[in-house]
Ligand code: NAD
Ligand code: DAU
């Protein structure tokens with residue numbers, strides 16, 4: 001008899017989703033249904049090796065499609081949902097928030113409502129076991145000054161269209177728990193890094209730009225601070241919260257690893273200088289670069305750029321026994337090595353619609369360079 005629990009993961013083809021689906025399958029505890037719309041941020045190669053896996057099924061579709069979601073609950077009778085599907089890039093949300101409202105707000109509401117209707121039909125014992133885990137972000141809390149940390153008690157104060165849409169989705173999740181007793185759990189995590197991250201995000205962008213000799217666009221004066229966590233550590237916290245978290249609870253997740261953007265870019269350059277020196281990269285050989293750091297370029301700032309994020313993760317550590325396992329030096333090196341070893345994935349992610357999108361929308365990032 002199959003003792004595995006069936007779960008629906010949304011956004012499983014994205015960066016965190018790919019790592020989470022792998023973790024769930026490696027545990028041997030789950031049968032995973034991955035519902036993903038395959039937007040620009042999804043790379044079909046990320047989970048290509050799972051084709052034919054007996055505990056993995058992929059469904060292409062949107063979390064805004066109520067009929068489809070109802071049919072998945074009916075067919076698979078899952079014991080929970082891990083909701084990761086989202087539009088996730090702040091710069092894109094500043095250009096237009098339409099897709100962010102649709103997926104993050106309407107989509108999360110649609111998943112919640114479909115899940116609640118299904119949950120209502122369950123016998124009491126299964127009702128008790130069911131969980132809806134919503135993966136959210138520390139950005140909903142706004143921005144910190146030089147001191148202090150975000151905790152589960154920090155008031156919401158989103159300051160960009162992406163974080164506003166995530167805050168709205170969190171509020172729906174909280175409201176469904178309070179109003180209907182629907183068993184939800186929210187995790188609010190800091191900046192993730194690691195394998196399979198789409199190259200528009202800071203760390204892969206800097207790695208891949210450096211390796212192709214392009215400039216490294218640091219926004220403003222580079223003094224903004226982010227609190228970085230290795231993606232596998234985040235996924236372990238999500239799995240643990242799903243399995244042992246208390247319904248109605250919120251867990252702030254972070255690895256106490258604050259970095260100023262400029263320092264982070266400098267570290268990336270120095271690891272690259274060590275493992276892939278410019279003189280050994282065929283397309284850079286004639287550029288006379290001694291270090292990738294020579295490519296650093298301070299550009300116009302992001303509109304409304306939040307200054308600092310930092311998480312106090314003591315609740316998830318104390319109550320669920322979670323702690324981060326991957327140190328930053330090690331994680332950053334592993335990440336850089338992963339991008340160097342996966343050129344097919346990188347080509348697929350960096351080409352086509354993404355390179356056209358950059359040409360069209362990121363002119364401001366080259367401004368200072370051109371001045
Ligand atoms: P991502 O952009 O890499 O992946 C998002 C995935 O969602 C993609 O596979 C995409 O195809 C899918 N998707 C988008 N719209 C959809 C829709 N309407 N229906 C179904 N699928 C859809 O994002 P990520 O970085 O992996 O983030 C995953 C989740 O974690 C998001 O909810 C994000 O807000 C949250 N989060 C991210 C970070 C981070 O640092 N990346 C930190 C904290 C929280
Ligand atoms: O804090 C969690 C959030 O982290 C997640 O909810 C988001 O989904 C995720 O995208 C991330 O948001 P950020 O805006 O912090 O990540 P991003 O990689 O876009 O930028 C990180 C920092 O680097 C930020 O201060 C802006 C800066 N930056 C970014 C890019 C892309 C640059 O200086 N240059 C760049 O080219």
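Throughout, read-outs are computed from the coordinates displayed, never taken from laboratory work. Model, not experiment: these values are computed from the prediction. Every residue, glycine among them, receives a Cβ derived from its backbone with ideal geometry; neighbour counts consider all protein chains shown.
Of note:
- Rg/Rh for the stretch 1-50 stands at 0.99; both radii use Cα atoms, and Rh follows the Kirkwood definition.
- Fewest-first ranking of 308, 344, 287, using other Cβ atoms within 10 Å as the exposure measure: 344, 287, 308
- Which of 236, 60, 260 has the fewest Cβ neighbours within 10 Å, and the rest in rising order: 60, 260, 236
- Normalising by residue count, the stretch 248-371 has a Cα convex hull of 187 Å³ per residue.
- Hypothetical label at residue 358: residues of the stretch 146-163 whose amide nitrogen lies under 12 Å (7 Å Cα-Cβ projection): none
- Computed packing ranks the peptides 319-326, 45-52, 158-165 as 158-165, 319-326, 45-52, most packed first, by mean other Cβ atoms within 10 Å.
- 110, 154, 103 arranged by Cβ crowding within 10 Å, fewest neighbours leading: 154, 110, 103
- Every helix of 4 or more DSSP H residues in the chain counts as -39500 (n - 2.57), and over all residues that averages to -12000 deg cm²/dmol at 222 nm.
- Against the main long axis of the alpha-carbon atoms of the chain, helix 231-244 sits at an angle near 10°.
- Angle in degrees between helix 202-211 and the longest Cα principal axis of the chain, rounded to the nearest 10: 40
- FRET efficiency, 1/(1 + (r/R0)^6) with R0 25 Å, evaluated for residue 348 and residue 26 via beta carbons: 0.60
- Contour minus Cα-Cα distance for residue 280 and residue 317 (0.36 nm per residue): 9.0 nm
- Against the main long axis of the alpha-carbon atoms of the chain, helix 108-120 sits at an angle near 20°.
- Calculated P(r) tail over 38 Å for the chain, as whole % of Cα pairs: 16
- Potential extension, residue 3-residue 366 segment - 0.36 nm per residue separation minus Cα distance: 125.2 nm
- Here the calculated FRET efficiency for residue 98 and residue 55, from their Cβ-Cβ distance with R0 = 51 Å, stands at 0.90, rounded to the nearest 0.05.
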